[in-house]
Amino acid sequence: MLKRTIEWQNGTVATIDQTRLPNETIILKMKSCEEVADTIRTMKIRGAPLLGAAAAFALALTAHNSKAKSREQLISELEKSAEILKRTRPTAVNLFWGIDRILTKAKGSSGNAKALAFSIVEEAQKIADEDVRANRLIGKYGAELIDDGDVVLTHCNAGALATVDYGTALGVIRFAWKHGKRIRVIATETRLKLQGARLTTYELKRDGIPVTLITDNMVGYSMHKRLVSKVVVGADRIVRDAVINKIGTFTIAVLAKEHGIPFYVAAPKSTFDLKHKSADVIIEERKPEEVTHINSSRIAAEGIEVMNPAFDITPLKYVTAIICESGILYKKEFDKFKADYHN
Ligand code: MRU
């Protein structure tokens, strides 16, 4: 078993195949950047913060395996690997953040290729360690917003499996539970890849936190029946005007506002992209077969048009607060943040 969702183990990167959970626990041992890229593309690993760490470790594999004779040659190999990684999934900004951080480190360092390779592996490990620390702080700050007896609705999987460890939205829930708040969770199944049904319920059950699974289209009913006290979700990218997260998040946010239910977003600063607006972001469009088929059986008429965006855009006016490792950001702090980035 792994201690974290992703680990550097002497020149290999180990992780768990999330497409096989909860029925099977398959550990993947990746030895090259291409293998990590393929694991990301096929969603064996997923979740924004995990993608940031995975991209960094993928570049660490390039550095570790390199036979480059000079620092310049190794940097050029890293740049080629970065291009491969950037083409895997377009929406979660953490992936690009992880790549940029490693390239910046590489370009800013001196010494020979061997010394550079060593420092790249070190930097990737640092990124992973920082993610765990950030998640624990998010959990601590976010738990202040949770009251004893609350029923917290969450969407997709923003747990330990979506991060290096602990989780963002599930980190908040975990921290509150661990510190004695008797809460319950409602997890949406999260069509189409069912991250809520397969991963969130698995994580919560493992921790003994009571969870009720619903389909995505039961959110309105649950809120109308006053079964939900608060919503906490993760994010793939927080831009100047919106939060971009798993498809279905926007619907939940609108329903929450209509019912007067606080809607919180938990995300580390590596998910913030305040130089951009939602219109600048590429929303990943996935294969039509994910919509027309269930378990490889066709359920829809042949030859029809299909839309399959993996993420949606929730304007900030629907967000009560963003919980990050520096604390809780309310509306006026968002505005300050935006102003800071404007100049
Ligand atoms: O398509 P996925 O499974 O990578 O989407 C994941 C999400 O939308 C999560 O909510 C988000 O990455 C935050 S994870 C801490």
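The values are calculated or read from the model by the stated rules, or taken from the named source; none is laboratory data. As the structure is a computational prediction, the values presented were derived from the model and not from experiment. As a convention, Cβ positions derive from the backbone with ideal geometry for all residues, glycine included, and neighbour counts pool all protein chains shown. Ligands, DNA and RNA are excluded from the accessible area calculation, which covers all protein heavy atoms including side chains. Shrake-Rupley method; radii C 1.70, N 1.55, O 1.52, S 1.80 Å.
Decide, for the stretch 40-194, between rounded, prolate and oblate: order the square roots of the alpha carbon gyration tensor eigenvalues as a ≥ b ≥ c, take rounded if a/c falls under 1.5, and otherwise choose prolate if a/b is larger than b/c, else oblate. Judged from the Cα gyration tensor, the stretch 40-194 comes out prolate (a/c at least 1.5, a/b above b/c). Over 14 Å apart: what share of the alpha carbon pairs of the stretch 264-343 falls there, rounded to a whole percent? Considering the stretch 264-343, 73 percent of its Cα-Cα pairs are separated by more than 14 Å. The Stokes-Einstein estimate for the stretch 1-111, based on a Kirkwood radius over Cα pairs and taken at 25 °C with 0.890 mPa s viscosity, is a diffusion coefficient of 173 µm²/s. A convex hull fitted around the alpha carbon atoms of the stretch 149-275 yields 99 Å³ per residue. Place a point 7 Å from Cα of S76 in the direction of its Cβ. Which residues in the stretch 112-135 have their backbone N less than 15 Å from it? Answer for this model: 113.
Remark: spin-label model distance H276-I299 equals 3.1 nm, labels positioned 7 Å along the Cα→Cβ axis.
Summary value for the stretch 20-78: 31 percent relative contact order, contacts being C-alpha pairs under 8 angstrom separated by 6+ residues.
A Förster radius of 25 Å, combined with the Cβ-Cβ distance separating K205 from K269, puts the computed FRET efficiency at roughly 0.25.
The label point for E24 and the one for K3, both projected 7 Å from the Cα toward the Cβ, are 2.8 nm apart.
When only DSSP loop residues count, what chymotrypsin sites (Phe, Trp or Tyr not before Pro) in the stretch 254-337 have their Cβ near at most 12 other Cβ atoms within 10 Å? Those satisfying the criteria are Y330. If you average the sequence gap of Cα pairs under 8 Å that are 6 or more apart and divide by the length of the stretch 1-118, what percent do you get for the contact order? RCO, the stretch 1-118: 25 percent.
Below 10 angstrom from the Cβ of L204, what's the summed charge of the other residues (Lys, Arg +1; Asp, Glu -1)?
So the surrounding residues net to +2.
Here's the picture: charge each Lys and Arg Cβ at +1 and each Asp and Glu Cβ at -1 in the chain, and of M218, V239, S229 the one pushed furthest to the positive end of that dipole is S229. Modelled spin-label separation between H179 and F118, with each label point placed 7 Å from Cα along the Cα-to-Cβ direction: 4.1 nm.
May I ask you to give the percent of accessible area on the chain that is carbon plus sulfur, with a probe radius of 1.4 Å?
53 percent
In a GNM of the chain with a 10 Å cut-off on Cα contacts, which of S81, S229, S110 has the highest mean-square fluctuation? Maximum among the listed residues: S110. As a length-normalised measure over Cα pairs under 8 Å and 6 or more apart, the relative contact order of the chain settles at 16 percent. Computed on the chain, the Cα convex hull volume stands at 141 Å³ per residue. Can you tell me how the stretch 55-121 classifies by the Cα gyration tensor, rounded, prolate or oblate, using a/c under 1.5 as the rounded cut? Judged from the Cα gyration tensor, the stretch 55-121 comes out prolate (a/c at least 1.5, a/b above b/c). Annotation: per residue accessible area for the stretch 1-129 equals 43 Å², rounded to a whole number [probe 1.4 Å, protein chains only]. Coupling constants for the stretch 291-304 follow from the phi torsions by the Karplus curve (6.51 cos²θ - 1.76 cosθ + 1.60, θ = phi - 60°), and in residue order they are 9, 7, 10, 10, 6, 6, 9, 5, 10, 10, 4, 6, x, 8 Hz; glycine and proline get x. Rounded to the nearest whole Hz, the Karplus-based 3J(HN,Hα) values (6.51 cos²θ - 1.76 cosθ + 1.60, θ = phi - 60°) of the stretch 150-166 follow the sequence 5, 10, 9, 8, 10, 10, 6, 10, 10, x, 4, 5, 8, 9, 6, 5, 6, with x at glycine and proline.
For the chain, the membrane-span-like helices by this rule, meaning whole DSSP H stretches whose C-alpha atoms cover at least 15 Å of axis and whose Kyte-Doolittle mean is 0.0 or above, are 48-65, 93-108; this says nothing about an actual membrane.
Where does each of 20-30, 113-123 land if you order them by average Cβ count within 10 Å, highest first?
113-123, 20-30
What you get for the chain, charging only the Cβ of Lys and Arg (+1) and of Asp and Glu (-1), is a dipole of about 500 debye around the Cα centre.
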